[in-house]
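The block underneath contains the structure these notes are about, expressed in C-alpha cells.
The values are calculated or read from the model by the stated rules, or taken from the named source; none is laboratory data. All values derive from a computational prediction rather than experimental measurement. Methodologically, a virtual Cβ is constructed for each residue, glycine included, from the backbone with ideal geometry; neighbour enumeration extends over all protein chains shown. What goes into the accessible areas is simple: the full protein's heavy atoms, side chains included, and nothing from ligands, DNA or RNA. Shrake-Rupley method; radii C 1.70, N 1.55, O 1.52, S 1.80 Å.
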Amino acid sequence: MRIALDAMGGDHAPREIVAGAVRAAQELPGLTRLILVGDEQSISRELDSFKHVPDCLTVLHASEVIEMHEKPAQAIRRKKDSSIARAIDLVKDGEADAVVSAGHTGAMVAGATLKLRRLKGVSRPAIAAVLPTENRPLVLVDAGANPECDARLFTEFAIMGSVYSGLIFKQSAPIVGLLSIGEEELKGTEKTREAFDYLSKAPLNFRGNVEGHDVFKGETDVIVCDGFTGNIVLKTSESVAGAIMFWLKRELSQTPMRKLGAALARGGLVSMKERLDPESYGGALLLGVNGVCVITHGASSSNAIFHAVRVAGESLEHQLNTHIVEQLSLLEPEAATL
C-alpha cells in the first residue's frame, strides 16, 4: 500500500510528522511506499536525525502550506503546490492509495471532495471520529464536515459509520443511534425527527434516539448527528478527558499517602490514560470520498501520526470504500433521492 503524508500540517510539523512516518515505515507491514509531502529541505533535515530511514520513505517537494486561517476551498484552488493539495493529488493520479494530514481540516475535506470526488451513492462526505466507551470504540459521524444535514445525509452517515465499525472494529450488526435531546421518537428538531423515520426504514440495526449521557456507555457502536453538533461533542470529550487526567495527577501528588496510593495504582492509571488518549485511535476518517483520507489532530505527536497511517492502511486492507458503496446501494430509492 502507498500512503501520502502531509509533512507540513499540524502544530509540530515537520518534526513530529517525520518521526511518526519513520516509525510507521519501520513497523507497519504491507507499507510499500510512504511519501512525505512538503518542504524538501525541512523534511530532509528531520530525516537526517535518524540513523536508519527505511527505503519506502520518499519525499515530494511542495512549496506552499495552507494556514489555519485560510478559507478551505479557496486555499485549495489558489495554493496548488501546497502540501495538502499535492498529497491529495497523489491519490487522484493513482500514485498513492491514501492520504493523511494533521493540517487544515476544512482544506482536507474540500480538497478530497473536489479532487477525488464522492463515492457512488454519497451526497456529502462525513468525518468519522472514534471515541472510547465502557465496552468498545464508538464511531461518531459527522464530526465536523457538514454543519447542517437532512434526513438523507443522516442515513448515509449511519450506513458509512456502520461499515466502518463492522470492518475495522469487528462489530457484528453495529448498533446505530441518532443523537437527540431525548429517547422518544418525537424529540429533537424537525430534521432529526425526519431522520428518525428514514433511519428506521434503512438497512441498519437502528436503536433509535440516544442522548448525550449515552455516548460513553458502550451500548451503541455508531452515533449519527450533524457536523456542528458532532464537532462540539468531539472537542468537549477530548477536553474533559484531558482535564480528568490533569486533575488526577494534581490530586494524587498532594500528600505522601496519595503518592503511595498512586504508585500502587500505577498500572490502572496508565491503562486509563491510554484508553482516554485520542491519539491511539489514529485520527478521523473522511468517509465518502473516492480514496482513503485520514484527518488527525493539529497538535498530533509522532504517536498520533503513526496511528493515523495505521488506520489508513487498515482501511485499504479491508476495502472500506467498496463495502460502503455496496451498502449504500441497498437504500430504498426514495431514501437515496430524498
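Are any residues in the stretch 241-287 in a helix (DSSP H, G or I), among the hydroxyl-bearing types (Ser, Thr, Tyr) and open to solvent by 50 Å² or more (accessible area, probe 1.4 Å), and if so, which ones?
271
Criterion first (assigned to a helix (DSSP H, G or I), touching an Asp or Glu at 6+ places or on another chain (Cβ under 8 Å) and among the basic types (Lys, Arg)) does residue 217 satisfy it?
No, not satisfied.
Which pairs have Cβ atoms under 6 Å, sit 6 or more apart or on different chains, and link a residue in the stretch 83-108 that is in contact (Cβ under 8 Å) with a residue 12 or more places away in the chain to one that is among the acidic types (Asp, Glu)?
83/6; 84/6; 87/6; 101/6; 103/6
Looking at this structure, is residue 191 in contact with a helix residue (DSSP H, G or I) (Cβ under 9 Å, 6 or more places away or on another chain), surrounded by 15 or more Cβ atoms within 10 Å (Cβ to Cβ) and among the basic types (Lys, Arg)?
In short, yes.
From the residues in the stretch 259-304 that are modelled with pLDDT under 85 and of a type in the set (S, T, N, Q), which one is nearest to residue 116 (Cα to Cα)?
The qualifying residue nearest to residue 116 (Cα to Cα) is 280.
Yes or no: residue 290 polar (S, T, N, Q), under 21 Å from residue 139 (Cα atoms) and either out of contact with any helix residue (DSSP H, G or I) (no Cβ under 9 Å at 6 or more places or on another chain) or open to solvent by 80 Å² or more (accessible area, probe 1.4 Å) (or both)?
yes
If we keep just the residues of the stretch 226-237 that are open to solvent by less than 60 Å² (accessible area, probe 1.4 Å) and under 15 Å from the mean Cα position of the chain (by Cα), which is farthest from residue 199 (Cα to Cα)?
Checked the stretch 226-237; the qualifying residue farthest from residue 199 (Cα to Cα) is 237.
Name the residues in the stretch 293-310 that are part of a helix (DSSP H, G or I) and either out of contact with any helix residue (DSSP H, G or I) (no Cβ under 8 Å at 6 or more places or on another chain) or open to solvent by 10 Å² or more (accessible area, probe 1.4 Å) (or both), would you?
Within the stretch 293-310, 302, 303, 306, 307, 310 qualify.
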